[in-house]
Ligand code: UDP
Ligand code: MG
């Protein structure tokens, strides 16, 4: 028998845990038929509610349930990393606990792994039920990433993905502190089959992401998988030098022909404001990369586990 580990990061999800378990375990007959055992590995990301209690309840009746519990909230990225690290399966699949990643897709995903794909990934083709502003910025982010990063990052890609042990190990070998899994998946490569589905709304509870958190997460993605913003300063610098050069010629010629060297106070102020703005912006970008580098060189652990079964 081989083993499939279902990794499920949870943060304050007391209402969803049991429901998720029941839905996932429905696939057991299928996997048994294929000679595959299932285990469900919950990663409790420092929940403040009864999530861990709910998980322990499941564990009491079912040996296939395992869990890791963090000492505090480390974020979903850390939870996924811990899940991969603690998983023992020959195949692993990462799923959200809120049933937005339909468990009914598992058999289809597995059939592609059987055919020889290293991973089967999913993407949402619609963003139905999501605030329009959020969708707009999400789209913008993916379009930008496509331009500035060489790593392939799919629009609408979910973290819902089944993969072989080999690919899981490859992801684990990327021990960076600032994690952006969607990029890491692309970076490690391997042959990936994409499945598409319509957006499903959350079964219970509410989303843990607000606009601000998503914005910071997108900065994470950009700094982790592109260095293009760092070259903005050089490009703008060269551009401004060219403009300045043309203007110097223009002013000298005008002085020689018409006199009048001191006009244009307002335009001077505008130019100073504009250039200093661009300078601050570029310093800010440098600061972002420096901050990420600073956190990275500290080599802090990605998570700290408090309890584990
Ligand atoms: N999650 C987590 N740690 C966090 C935030 C979220 O482990 O700090 C888990 C959460 O419990 C859920 C999954 O990540 O299983 C996706 O979160 P959510 O449904 O809130 O995100 P959305 O689907 O709205 O993007
Ligand atoms: Mg969700």
inquiry  = Criterion first (farther than 30 Å from residue 71 by Cα, part of a helix (DSSP H, G or I), modelled with pLDDT of 80 or more and in contact with a helix residue (DSSP H, G or I) (Cβ under 9 Å, 6 or more places away or on another chain)) does residue 245 satisfy it?
reply    = no
query = Does residue 163 satisfy the criteria of being closer than 23 Å to residue 9 by Cβ and part of a loop (DSSP other than H, G, I, E, B)?
reply = no
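Table: residues versus (1) touching a strand residue (DSSP E or B) at 6+ places or on another chain (Cβ under 9 Å); (2) under 20 Å from residue 226 (Cβ atoms).
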site: 271; (1), (2): no, no
site: 276; (1), (2): no, no
site: 282; (1), (2): no, yes
site: 288; (1), (2): no, yes
site: 291; (1), (2): no, yes
site: 296; (1), (2): no, yes
site: 303; (1), (2): yes, no
query = So which pairs qualify, if the first residue must be in the range 184-208 and more than 18 Å from residue 161 (Cα to Cα), the second must be outside any loop (DSSP other than H, G, I, E, B), the Cβ gap must be under 9 Å, and the two must be at least 6 apart or on different chains?
reply = 203/19; 203/20; 203/23; 204/19; 208/76
message = Out of everything in the range 119-149 that is in contact (Cβ under 8 Å) with a residue 24 or more places away in the chain and assigned to a loop (DSSP other than H, G, I, E, B), what residue ends up being farthest from residue 95 (Cα to Cα)?
response = 149
task = Any chance you could count how many residues in the range 208-241 are within 15 Å of the chain's Cα centre (by Cα) and either within 16 Å of ligand 1 (Cβ to nearest atom) or part of a helix (DSSP H, G or I) (or both)?
result = 18
query = Hey, does the range 100-113 have a residue that's within 16 Å of ligand 1 (Cβ to nearest atom), over 16 Å from the mean Cα position of the chain (by Cα) and modelled with pLDDT under 85?
reply = no
query = Quick check: anything in the range 117-125 at pLDDT below 90, at positive phi and surrounded by 18 or more Cβ atoms within 10 Å (Cβ to Cβ)?
reply = no
ask   = Among the listed residues 251, 285, 272, which satisfies the condition of being free of Cβ contacts under 8 Å to residues at least 24 places away in the same chain, surrounded by 11 or more Cβ atoms within 10 Å (Cβ to Cβ) and either touching a helix residue (DSSP H, G or I) at 6+ places or on another chain (Cβ under 6 Å) or not in a loop (DSSP other than H, G, I, E, B) (or both)?
value = 251
ask   = If you scan the range 192-210, which residues turn out to be at pLDDT 85 or above and loosely packed, with under 12 Cβ neighbours inside 10 Å?
value = 196
query = Which ones in the range 43-70 are out of contact with any strand residue (DSSP E or B) (no Cβ under 7 Å at 6 or more places or on another chain), surrounded by fewer than 20 Cβ atoms within 10 Å (Cβ to Cβ) and under 21 Å from residue 93 (Cβ atoms)?
reply = 62, 63
message = Return the residues of the range 4-20 that are away from ligand 1 (no atom under 13 Å from the Cβ) and either under 24 Å from the mean Cα position of the chain (by Cα) or buried (at least 17 other Cβ atoms within 10 Å of the Cβ) (or both); say none if nothing qualifies.
response = 4, 5
remark   = When the range 73-99 is checked residue by residue, the ones that are within 10 Å of ligand 1 (Cβ to nearest atom) and surrounded by fewer than 18 Cβ atoms within 10 Å (Cβ to Cβ) are 73
request  = Take the residues in the range 39-82 that are in a helix (DSSP H, G or I) and within 16 Å of ligand 2 (Cβ to nearest atom), then tell me which one is nearest to the chain's Cα centre (by Cα).
outcome  = 77
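For (1) farther than 30 Å from residue 110 by Cβ; (2) within 16 Å of ligand 1 (Cβ to nearest atom); (3) touching a helix residue (DSSP H, G or I) at 6+ places or on another chain (Cβ under 8 Å), each residue gets a yes or a no:
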| position | (1), (2), (3) |
| --- | --- |
| 139 | yes, yes, no |
| 155 | no, yes, yes |
| 161 | no, yes, yes |
| 166 | no, no, no |
| 178 | yes, yes, yes |
| 181 | no, yes, yes |
| 192 | no, no, yes |
| 201 | no, yes, no |
| 205 | no, yes, no |
message = If I go through the range 1-25 residue by residue, how many of them are out of contact with any helix residue (DSSP H, G or I) (no Cβ under 7 Å at 6 or more places or on another chain) and either away from ligand 2 (no atom under 16 Å from the Cβ) or more than 18 Å from residue 99 (Cα to Cα) (or both)?
response = 6
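The values are calculated or read from the model by the stated rules, or taken from the named source; none is laboratory data. The model shown is predicted, which means the values in this text are computed figures rather than measured ones. Every residue, glycine as well, gets a Cβ built from its backbone with ideal geometry; the counts of neighbours run over all protein chains shown.
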